[in-house]
Amino acid sequence: MLSPNSVSPSGMPGPNELVPSRYAVQVGEIEVLVISDGVLPLPAVTMSTNVEPADRSAWLEEMFLPPEGFDWPLNVMVARIGAQTILIDAGLGGEFPGFPRAGQVPQRLRAAGIDLASVTDLVITHMHMDHVGGLLVDGIREQFRPDLRIHVAASEVAFWKAPDFTHTDMPEAVPPVLRSAATRFLNEYREQIRTFEETCEVAPGVTVCRTGGHTPGHSVVRLASGGDKLTFAGDVVFPVGFEHPDWQNGFEHDPQEAVRVRVGLLKEMADSGSLLVATHMPFPSVGRVAIDGDAFRWVPVFWDF
């Protein structure tokens, strides 16, 4: 059987790679690549923990998705401007055997011609394992330059020193794994971490902004250059969040605040017409937001190739 994840040892796409794994966007002078880390199979209930099963089932059926679980996309992003190459999130990594179709970032960066040694800055939207796990793969840390700057909200670092899962609704086995991955990331990259309170300009036109909600220090990355704008939203929004922005996700540490953040960001995107990319939107996850009555509508861009 052909595998969509086939990449040669050199990092070039293998002959059996069935789908593209990167998509380029130009935001003024900023060169952007959205890169797929693969897909993560999760129970459908985790995307809507505060709704009736019948409502969830109806939405899944309308979307032609299976009733019990589906593949959540995983996307990261690279932004280049001037002498800076900025990696935004690092994917799941390869240490979680239950998710063999994810953890593709290292080889897909190579396939895109991006050497980890060229990365000057790394932005972590939050410290869940599907955002920092790619940094914990054996041999990865040694490939980064010694003066790598890792930008993460101070409140995120503080939270994971003693995380509170009281308001989450995850499978029982998940919180210990999340805690372990976050602790390892902090321990292994402590010298490179640069914390910020609310905002941080990483490069000209590239600003990371704390939103909270999903986690206390969850952040989005805003790109602006030459009149063009793009926001990498991390886990603020999932596919169901456009039609049902009030549906709570089981991984949200403050579900009510996460809803407030989601609605606010979607309204902002709809008003501005700027581009939106999110971790768990279907690859290449580049589109715009429209207001649709009391909800929202996702408008994917036409592929440019």
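The values are calculated or read from the model by the stated rules, or taken from the named source; none is laboratory data. All figures in this text were calculated on a predicted structure; none of them were measured in a lab. For neighbour counting, all protein chains shown are included, and Cβ atoms are generated from backbone atoms with ideal geometry for every residue, glycine included. We work out accessible area using only protein heavy atoms, side chains counted, and drop any ligands, DNA or RNA first. Shrake-Rupley method; radii C 1.70, N 1.55, O 1.52, S 1.80 Å.
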Next item on the list: Report, by residue number, each residue of region 27-64 that is among the acidic types (Asp, Glu) and more than 14 Å from HIS280 (Cβ to Cβ).
Entry: GLU29, GLU31, GLU52, ASP55, GLU61, GLU62
Margin query: Pairs needed: first member in region 64-91, touching a residue at least 40 places away in the same chain (Cβ under 8 Å) and within 14 Å of ARG108 (Cα to Cα); second member anywhere, aromatic (Phe, Trp, Tyr) and outside any strand (DSSP E or B); C-beta distance under 8 Å; at least 6 residues apart or different chains.
Written below: ASN75/PHE283
Notebook entry, point to check: Among all residue pairs at least 6 apart or on different chains, which show Cβ distances below 6 Å where the first residue, located in region 95-111, is touching a residue at least 60 places away in the same chain (Cβ under 8 Å) and the second is in a helix (DSSP H, G or I) and open to solvent by less than 60 Å² (accessible area, probe 1.4 Å)?
Noted result: VAL105/GLY134
Next item on the list: Provide a single number: the residues in region 95-113 that are part of a loop (DSSP other than H, G, I, E, B) and buried (at least 20 other Cβ atoms within 10 Å of the Cβ).
Entry: 3
Note to self: Out of the residues in region 75-94 meeting the condition of being touching an Asp or Glu at 6+ places or on another chain (Cβ under 9 Å) and open to solvent by 10 Å² or more (accessible area, probe 1.4 Å), tell me which one is nearest to ASP37 (Cα to Cα).
What the structure shows: GLY94
Next item on the list: State which residue pairs qualify: first residue within 27 Å of ARG194 (Cα to Cα) and open to solvent by less than 20 Å² (accessible area, probe 1.4 Å) and inside region 150-172, second residue among the β-branched types (Val, Ile, Thr) and modelled with pLDDT under 95 in any location, beta carbons under 8 Å apart, and separation of 6 or more residues or different chains.
Entry: none
Checklist line | Matching residues, region 256-281, being of a type outside the set (A, V, I, L, M), open to solvent by less than 20 Å² (accessible area, probe 1.4 Å) and out of contact with any helix residue (DSSP H, G or I) (no Cβ under 8 Å at 6 or more places or on another chain) | finding: SER274
Item checked: Of all residues in region 126-149 being open to solvent by less than 10 Å² (accessible area, probe 1.4 Å) and either without any contact (Cβ under 8 Å) to a residue 24 or more places away in the chain or not aliphatic (A, V, I, L, M) (or both), the one that is farthest from ALA258 (Cα to Cα) -> GLY134
